[in-house]
Amino acid sequence: MFRPGFHFSVPSNWMNDPNGLVYYEGKYHLFYQHHPYSTDWGTMHWGHAASDDLVHWEDKPIALFPDEHGTIFSGSCVVDWHNSSGFFAEGTHGLVAIFTHNDTYPGSGQPRQRQSLAYSSDKGETWSFYSGNPVLSEPTLIDFRDPKVFWHSPSSHWVMVLAAGDRIQLYRSENLRDWKLASEFGAGEGSHRGVWECPDLFELPVDDGERTKWVLIVSVGGDQDCPEGSHTQYFIGEFDGIRFVNDYSPEHVLRLDQGRDHYAGVTYSDIPDADGRRILIGWMTNLRYAGNTPTGTWRGAMTLPRVLTLVTVEGEIVLKQSPVHELMQLRNGAANWNDITVSAEVPLEVDTETELLELEIEMDISSDQELQVKVQSSQACETIIGYDPGSQRLFIDRTHSGHIDVHPDFAIKHNAPLAPKNGKIKLQLWVDRSAVEVYANDGIVVMTDLIFPISPVNRLWIGTNAGPVLLTSLKLHTLESLRD
Ligand code: FRU
């Protein structure tokens, strides 16, 4: 039930975080936190899928099973091009997974998290655990997990960012086996409304130019009082191989996705230079209700893969996200409108042949009316995506989106600030069987929300809350389903 048509979802049972995102020898690998025996979170394994194009995924056998050191929590993969680990035959390379082994301290029974390695010489088909596991322990910390490793060429070291309680620790290594603490970041910085998890650190050009900045992504678990539950933040700053320094003031919180359902997002390793994209995939849910979604025999889907870039908006450098262009191959039908005026009385109504849709809208905001796009399966069951020029806010209203008993906080209308550009707002909307993703003004603001319509979406209602609004351009694409 609710199996997405074009978002990746687990074939059966439970899935959470994306893990070990790596491109190697023509394939994008997607490993993920997986409980193969239940639709609830439990004994963690690494599930596996692979793709040529980030759109069509082939399910693979489970990559990592629990062993004597514990279950397999989140982590990353790198290509060890020069065999620095010594795991591969001389002169060859292969994949190394760096992940958290989770078990308990003998005696006390307290949770214990330690970092370990596994490697594959056959392009991720089969894996061996390193005999020297674990490679990194810290007996004073309970939350000590989710290593993300990358090669830092200016200092010729591997760097690991790791969630360590309320901060990120940075470690360095020459061989992936021996790690030394280099620095820490995060005390008093950004959002601390919950435990820090799943960090990522990478460098990106600013405005496509020569100048670069470093981006540190940190997921935040969302404590009891945090209105939005779990969420993902990022920092922008400098990194010299040792230390990350935040460019902004510690109170300034930058949100990666302002919807309710993006968590634990991390980026691909080893995308070839000729491609050069920084591609992120997140787990599409909220920790607050991840275990309650009404999806039957499977539970867990990923966001669309998104390309991250840095742009300057009103003097501030921020992340911009756009779904990978490969998704365009799913378009199998289109309708276009130019310069149409819609209102509450005279909306544009379209019966859609499929519930899998992509909508591109350019809205002229001079009339000051609130645009509403209703994604409907009936008038009683609809999700509204809209923009209010008065408050300059983009919103998603899922109060009548269908099965809202997922959690008391599920039925909400929530919003994100969005300033117009040249008197216009641009929206790109992706509608799948159980999710909507909205990319506004070319991905400066992104909102991802789960929805569970009572019956399949079959109609779009595009209008306003009152008077007329001019849509200078409207494009509707129907999309092919990859999975039924
Ligand atoms: C994030 C997370 C990670 C951990 C994994 C366990 O959702 O809690 O911190 O490694 O899930 O499944």
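Once the chain from K475 to N336 is taken as fully extended at 0.36 nm per residue, the excess over their C-alpha distance is 49.6 nm. Magnitude of the charge dipole for the chain, about its Cα centre and with charges confined to Cβ atoms of Lys, Arg (+1) and Asp, Glu (-1), is about 500 debye.
Positive-end ranking of V22, S173, S108 along the dipole of the range 13-325, with charges on Cβ about the Cα centre, is headed by S108.
The range 281-346 and the range 109-155 have their alpha-carbon centroids 32 Å apart. Here the extension length gained between E210 and V79 equals 44.5 nm, from 0.36 nm per residue of separation less the Cα-Cα distance. Placing R0 at 41 angstrom, the Cβ-Cβ distance between E25 and Y248 gives a FRET efficiency of 0.60 after rounding to 0.05. Between rounded, prolate and oblate, where does the range 267-367 land on the alpha carbon gyration tensor, with a ≥ b ≥ c its root eigenvalues, rounded for a/c under 1.5, else prolate if a/b exceeds b/c? Because a/c hits 1.5 or more and a/b fails to exceed b/c, the range 267-367 counts as oblate. Just report the Cα centroid separation between the range 212-239 and the range 458-484, whole Å. Centre-to-centre distance over Cα atoms comes out at 32 Å. A Cβ-based charge dipole, computed about the Cα centre of the range 331-479 with Lys and Arg at +1 and Asp and Glu at -1, lands at about 180 debye.
Electrostatic tally near E345: other residues with Cβ closer than 15 Å to its Cβ, Lys and Arg +1, Asp and Glu -1, net -1.
Taking the inverse of the mean 1/r over every pair of distinct Cα atoms in the chain gives a Kirkwood hydrodynamic radius of 23.0 Å.
For the chain, excluding the exposed loop sites themselves (GluC sites (Glu not before Pro), DSSP loop, at most 13 other Cβ atoms within 10 Å), the longest remaining stretch covers 354-484.
Fully extending the segment from D484 to I62, taken as 0.36 nm per residue of separation minus the present Cα-Cα distance, adds 149.7 nm.
Placing a label point 7 Å from the Cα of S367 along the Cα-to-Cβ line, the residues of the range 319-342 whose backbone N sits under 12 Å from it are 339-342.
A simple count of charges around D17, restricted to other residues whose Cβ falls under 9 Å of its Cβ and scoring Lys, Arg +1 and Asp, Glu -1, yields -2. For A435, neighbours were defined as the other residues whose beta-carbon sits under 10 Å from its Cβ, and their charges (Lys and Arg +1, Asp and Glu -1) total -3. Model label sites at R393 and V313, defined 7 Å from Cα along the beta-carbon direction, differ in position by 1.7 nm.
Every read-out reported here was derived from the displayed coordinates using simple, explicitly stated rules and does not represent laboratory data. All figures in this text were calculated on a predicted structure; none of them were measured in a lab. Glycine also receives a Cβ, built like all others from the backbone with ideal geometry; neighbour counts cover every protein chain displayed.
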